[in-house]
Amino acid sequence: MPSSLLLALYLGIAAAPVALAWISDLPPRPFLDDLSSGLAMTAYAVMLMEFLLSGRFRFVSSKIGIDQTMRFHQLFARTLLVFVLIHPFIYTLPIIANPPPWDLAATGFLKLTNIGILTGIAGWLLLGALVLTAMARDALSYSYETWRLSHGLGAILVAALVAIHTFDSGRYSGTGPLTIYWTGLLGIAAVSMLYVYLVSPLLKLLSPFEVISVRQIAERTWELTIARRDRRPIRFKAGQFFWLGITRHPFTLRENPFSIASAPANNRQVQFVIKELGDFTRSISRISPGQRAWVDGPHGGLSLPEPDAPGVGLIAGGVGIAPLLSVLREMRARGDERPVILLYGNRREDQIVYREELENLAATSDLNVTHLLGEPPDGWSGATGLVDAQVIGDIFGQRKGSQGWTYLLCGPPAMLNAAEAGLMAHGVPASQIVSERFVYD
């Protein structure tokens, strides 16, 4: 399914409750009251579809990319929060729990019972907390795993509270078509959560992995290698990533996304390049060969460009080199002779990984490697500073026709933003730039 059609389908589902309410035989109410109901119904539809935009469902993310999937997830969540915040304040009709016999269609009042009011207020407050804590996740003191658990449970609770509020107090939601619609969306949300937290872990039990080796390859940077316990091949594309957990069982929240650094041609093992940063990565030095590992994936669209791309530009920052190493290694394994330019940025020289391998690749293929350091040591003769339009022009502008190449980018958000702007200033169309980031604000 094309991404444009997928987006149109999503927007159509979000607008469906308003359309179903409009074609019902209920008489209209004042404009602001029907607008409030429309905002609430659209917001609830978007909320229930948010369960599918978690980035863990490849039938969604493979069509539009993991970056777009997660960005849509965030933007839609913030949009629905605005709709929900506005919703109760623009009603003009009075609240009456029991409809008078001459107005059974509730055209002159709002039918709200105590249950409807309490669940509405609770859902309204909890949704605000859910979205705001997601926006401020990096500033919170608790771990990623704790945030993920609270976010998932909070989303389930909000969906349940709003369902009670909708069926108890919604004027239009009690009609036949809308009842079927809400039941269907609630079912989809429930199935998605069951899949992520029950079915997916059960499937992982059928294909356990184990740690093969762990070794330090740079300052606070490690290479982790895993394989299936039965040594069956592992299917993935160069540049993709797995959600990885090193735990005794797969029913855990202690899993994180890591890009694959090895090539699909070497499909008996998978290598990751991991930097000590967060809760899990700080303990990587204590991981031992033989420990069980569990993976979900592969995910991601940062993959080897199609053969019609005349050349490949790679821009990496820090451990963002991992998926680009996978691409370089796969190109070597395939005998792909297209020209490649790699711009590899780090803060210090001792953070560069696989330097000798990159030098050997450059010596035996049409690969040009430029190391860019933010804090160069005395005597450093290479490029210095940060990625910007000037650096992009200096590195890629020297190659004739590089505006027609495909560019793959992975690294910190600030670097990606600067690299994308620099490439477009160099004349590279946005459609030829593919980036992958795990931070979206």
Condition check for A106: modelled with pLDDT of 85 or more, surrounded by 15 or more Cβ atoms within 10 Å (Cβ to Cβ) and not β-branched (V, I, T): no
Residue match in segment 64-85 (condition: part of a helix (DSSP H, G or I), aromatic (F, W, Y) and modelled with pLDDT under 90): yes
Within segment 379-406, tally of residues that are among the charged types (D, E, K, R), more than 13 Å from A425 (Cα to Cα) and without any contact (Cβ under 8 Å) to a residue 12 or more places away in the chain: 1
Test result for G313, within 26 Å of the chain's Cα centre (by Cα), within 21 Å of V391 (Cβ to Cβ) and surrounded by fewer than 23 Cβ atoms within 10 Å (Cβ to Cβ): no
Total residues in segment 189-227, condition surrounded by 14 or more Cβ atoms within 10 Å (Cβ to Cβ) and under 30 Å from M49 (Cβ atoms): 10
Segment 327-351, residues that are buried (at least 19 other Cβ atoms within 10 Å of the Cβ) and closer than 24 Å to G397 by Cβ: V327, L328, M331, V340, I341, L342, L343, Y344, G345, N346
Test for G422: is it surrounded by fewer than 17 Cβ atoms within 10 Å (Cβ to Cβ), of a type outside the set (A, V, I, L, M) and not assigned by TED's automatic domain parsing to the domain that holds D138: no
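Out of all the residues in segment 203-227, which are of a type in the set (D, E, K, R) and more than 24 Å from V319 (Cα to Cα)?
K204
Take the residues in segment 387-413 that are within 29 Å of E337 (Cβ to Cβ) and in a loop (DSSP other than H, G, I, E, B), then tell me which one is modelled with the lowest pLDDT. Give the steps one after another, and end with the answer.
So in segment 387-413, the residues within 29 Å of E337 (Cβ to Cβ) come out as 387, 391-411.
Remaining after also requiring in a loop (DSSP other than H, G, I, E, B): 387, 397-401, 405, 411.
Values: V387: 87, G397: 83, Q398: 80, R399: 85, K400: 87, G401: 88, W405: 94, G411: 89.
Residue satisfying both the conditions and the ranking: Q398.
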R282 vs. criteria closer than 19 Å to T252 by Cβ and exposed (fewer than 15 other Cβ atoms within 10 Å of the Cβ): yes
Selected residue (criterion: farthest from the chain's Cα centre (by Cα)) from residues of segment 69-128 that are of a type in the set (D, E, K, R) and over 26 Å from S24 (Cβ atoms): R78
Residue within segment 370-386 that is within 20 Å of L408 (Cα to Cα), among the aromatic types (F, W, Y) and not in a strand (DSSP E or B) present: no
Number of the condition not met by A421 [criteria: (1) in a loop (DSSP other than H, G, I, E, B); (2) more than 21 Å from V327 (Cα to Cα)]: (1)
Residue that is nearest to the chain's Cα centre (by Cα) [pool: residues in segment 1-21 that are modelled with pLDDT under 85 and small (G, A, S)]: S3
Flag if W147 is assigned to a loop (DSSP other than H, G, I, E, B) and among the hydrophobic types (A, V, I, L, M, F, W, C): no
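Report, by residue number, each residue of segment 3-33 that is assigned to a helix (DSSP H, G or I), hydrophobic (A, V, I, L, M, F, W, C) and in contact (Cβ under 8 Å) with a residue 12 or more places away in the chain.
Filtering segment 3-33 down to residues assigned to a helix (DSSP H, G or I) leaves 3-22, 31-33.
Next, from what is left, pick out any that are hydrophobic (A, V, I, L, M, F, W, C): 5-9, 11, 13-16, 18-22, 31-32.
Matches in segment 3-33: L6, L7, I13, A14, A15, A16, V18, L20, A21, L32.
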Residue among L361, L416 that is touching a strand residue (DSSP E or B) at 6+ places or on another chain (Cβ under 6 Å), farther than 18 Å from Q432 by Cα, assigned to a helix (DSSP H, G or I) and at pLDDT below 95: L361
Breaking point among (1) touching a helix residue (DSSP H, G or I) at 6+ places or on another chain (Cβ under 8 Å); (2) crowded, with 20+ Cβ neighbours inside 10 Å, for L324: (1)
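The values are calculated or read from the model by the stated rules, or taken from the named source; none is laboratory data. Predicted, not measured: the structure shown is a model, and the values here were computed from it. Neighbour counts are summed over all protein chains in view; Cβ atoms, including those assigned to glycine, are modelled from backbone coordinates with ideal geometry.
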